[in-house]
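Each remark here refers to the structure printed beneath this line.
The values are calculated or read from the model by the stated rules, or taken from the named source; none is laboratory data. No experiment lies behind these values; they were computed from the predicted model shown. Note that we place each Cβ from the backbone using ideal geometry, even for glycine, and neighbour counts take in every protein chain shown. Ligands, DNA and RNA are stripped out before the accessible areas are found, and what is left, the full protein with its side chains, is counted by its heavy atoms. Shrake-Rupley method; radii C 1.70, N 1.55, O 1.52, S 1.80 Å.
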Amino acid sequence: MPIRLYDTPAQYRPLTILGLETSCDETAAAIVRLDEGANPHILSDQIYSQIDEHALYGGVVPEIAARAHVGVLDKLIARAMVDANLGYADLDGIAATTGPGLVGGVMVGMMSAKAIALAHDLPFLAINHLEGHALSPLLEQTSGQQLGFPYLLLLVSGGHTQLLSVEGLGQYTRLGSTIDDALGEAFDKSAKIMGLGYPGGPALERAARNGDPKRFSLPRPLKGKPGCDFSFSGLKTAVRRCWEELPVKDDKARADLSAAFQAAVADVIIDRTNNAMDIFSAQQGTTTFVVAGGVAANVFLRERLTAASKTKGFAFMAPPLRLCTDNGAMIAHAGALRLRAGQNDALTISARPRWPLDEDAAKAHPASGYGRKGPKS
Ligand code: KG4
Ligand code: ZN
């Protein structure tokens, strides 16, 4: 990414950033202020969820998503500014998700941010959506512990599933990633198979609460194998097979199969994360584990990961639930950190539908998670 030095000493004064997020089915505008001590404060966090527009189709339709972003983004920006009681002169920069994601949607937010930056002579910050998620645990620290670099990150969203060593701003080393479906995608597709509706992840979690995880026996792909990669497509296929073979497809069956799915997912995730913890602690000499991204909103998985971290002697941290799924605050926050570090981007920068956090790893293994993020269906 072309980076030039910010020419005023931004790092010595508070920074207030407007952040826009339009890479999938959430339209979001938020304002985050970094104070002199680099502590973040969310001054406004506006989100419009497009669930109703896509529900009919059982997944995100890219063209509908892009049009919906166009329809509401201006209003959300205006509402964020009013809510934070700020004018454009009070802002220090405009950040927008520039990838990875559905390119039509990404362009809506990116072009809006560029236009505001140009009109008000403000720095523009092109943010990698995954970096927004990766840094989101720093945004609001709920556990009372101070999170600092480096930390081991499990990034689980609708388009990505990765274990990363987060060594600093812009410094990511991928330890493993999915070789097929992302975890959020597996949740969404399994929920769809069972007729749980859209969005599938939260619906499946709700259904699983009253389920018996032992009624169905599901595979644990890659469990016990060396390395930190994931595979979820076989699990989804097993869910389909179980569901199709059921003579009675009722709410009890939905609950039990959902509970079995979550139990299998948790077993796999913990197995892969344990391997990553061994590698990370040997490399970095520290023991902090963070989970972020939409699937990190799953309370069952958070509980299992909390217990697993304890067993391995790792501190466990996660953003509050509302900051796990897509939001503008994480984009504004990443923008503020980059501006504070003396970075911003040229207005000529293009959207990047694929944009891995660890470019070297992605080049070496393009098939495994080369920054893919696509329709959730
Ligand atoms: O990070 P995110 O909002 O968007 C992407 O960047 O993809 O993640 C969305 C994904 C969806 O697949 C959604 O079903 C899943 O996160 N998700 C959940 C839960 N809440 C959202 N999956 C499982 N349990 C949840 N509670
Ligand atoms: Zn996301």
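Quick one: M107 ticks every box in (1) open to solvent by 10 Å² or more (accessible area, probe 1.4 Å); (2) more than 16 Å from ligand 2 (Cβ to nearest atom); (3) outside any helix (DSSP H, G or I); (4) of a type outside the set (F, W, Y) bar one, so which box is it?
Every condition holds for M107 apart from (3).
Conditions tested, residue by residue: (1) of a type in the set (S, T, N, Q); (2) at pLDDT below 95; (3) out of contact with any strand residue (DSSP E or B) (no Cβ under 7 Å at 6 or more places or on another chain).
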position: V299; (1), (2), (3): no, no, yes
position: E303; (1), (2), (3): no, no, yes
position: T306; (1), (2), (3): yes, no, no
position: G313; (1), (2), (3): no, no, yes
position: L323; (1), (2), (3): no, no, yes
position: A336; (1), (2), (3): no, no, no
position: A341; (1), (2), (3): no, yes, yes
position: N344; (1), (2), (3): yes, no, no
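Please indicate, with yes or no, whether at least one residue in segment 54-72 is away from ligand 1 (no atom under 14 Å from the Cβ), under 19 Å from A336 (Cβ atoms) and assigned by TED's automatic domain parsing to the domain that holds I94.
No, segment 54-72 has no match at all.
Out of all the residues in segment 205-218, is one or more surrounded by 24 or more Cβ atoms within 10 Å (Cβ to Cβ) and within 22 Å of H133 (Cβ to Cβ)?
Looking through segment 205-218, none of the residues is surrounded by 24 or more Cβ atoms within 10 Å (Cβ to Cβ) and within 22 Å of H133 (Cβ to Cβ).
Being of a type in the set (D, E, K, R) and touching a Gly at 6+ places or on another chain (Cβ under 7 Å) is the filter here, so list the residues in segment 248-296 that pass it. Even if it seems obvious, please write down each step before you answer.
So the first thing to find is which residues in segment 248-296 are of a type in the set (D, E, K, R), and the list is 249-252, 254, 256, 267, 271-272, 278.
Of everything in segment 248-296, those that are of a type in the set (D, E, K, R) and touching a Gly at 6+ places or on another chain (Cβ under 7 Å) turn out to be D256, D271, R272.
Pull up segment 50-85, narrow it to residues that are assigned to a loop (DSSP other than H, G, I, E, B) and under 21 Å from G19 (Cα atoms), then point me to the one that is least open to solvent (accessible area, probe 1.4 Å). Full working, then the answer.
Of all residues in segment 50-85, those assigned to a loop (DSSP other than H, G, I, E, B) come to 50, 56-61, 85.
Now drop any that are not under 21 Å from G19 (Cα atoms), which leaves 50, 85.
Details: Q50: 0, N85: 133 Å².
If we take residues in segment 50-85 being assigned to a loop (DSSP other than H, G, I, E, B) and under 21 Å from G19 (Cα atoms), then Q50 is least open to solvent (accessible area, probe 1.4 Å).
Take L235 and decide whether it is away from ligand 1 (no atom under 16 Å from the Cβ) and open to solvent by less than 30 Å² (accessible area, probe 1.4 Å). Before the answer, list the steps.
Numbers: away from ligand 1 (no atom under 16 Å from the Cβ): no; open to solvent by less than 30 Å² (accessible area, probe 1.4 Å): yes.
No.
If I ask for residues that are open to solvent by 30 Å² or more (accessible area, probe 1.4 Å), in contact with a helix residue (DSSP H, G or I) (Cβ under 9 Å, 6 or more places away or on another chain) and over 20 Å from P123 (Cα atoms), which ones from segment 27-49 would you list?
The answer is D45, I47, Y48.
Here is a yes/no grid of residues against (1) within 16 Å of ligand 1 (Cβ to nearest atom); (2) open to solvent by less than 10 Å² (accessible area, probe 1.4 Å):
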residue: N274; (1), (2): no, no
residue: V290; (1), (2): yes, yes
residue: V295; (1), (2): yes, no
residue: V299; (1), (2): yes, no
residue: I331; (1), (2): yes, yes
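Which residue out of A266, A307, A260 is part of a helix (DSSP H, G or I), outside the structural domain of G109 (by TED's automatic domain parsing) and without any contact (Cβ under 8 Å) to a residue 24 or more places away in the chain? Write out each step before concluding.
Numbers: A266 fails: without any contact (Cβ under 8 Å) to a residue 24 or more places away in the chain; A260 fails: without any contact (Cβ under 8 Å) to a residue 24 or more places away in the chain.
So the residue among A266, A307, A260 that is part of a helix (DSSP H, G or I), outside the structural domain of G109 (by TED's automatic domain parsing) and without any contact (Cβ under 8 Å) to a residue 24 or more places away in the chain is A307.
Whether any residue in segment 292-304 is more than 19 Å from P202 (Cα to Cα), part of a helix (DSSP H, G or I) and of a type outside the set (S, T, N, Q) is what I want to check. Let's see the steps before the verdict.
Residues of segment 292-304 more than 19 Å from P202 (Cα to Cα): none.
No, there is no match, as no residue in segment 292-304 is more than 19 Å from P202 (Cα to Cα), part of a helix (DSSP H, G or I) and of a type outside the set (S, T, N, Q).
I'd like the full set of residues that are open to solvent by 10 Å² or more (accessible area, probe 1.4 Å) and within 16 Å of ligand 2 (Cβ to nearest atom), limited to segment 302-329.
Passing the criteria: A318, P320, L321, R322, T325, D326.
Here is a list of conditions, (1) more than 18 Å from the chain's Cα centre (by Cα); (2) within 16 Å of ligand 1 (Cβ to nearest atom); (3) modelled with pLDDT of 95 or more; (4) open to solvent by 50 Å² or more (accessible area, probe 1.4 Å), and P202 meets all of them except one; can you say which number that is?
It fails just one condition, (1).
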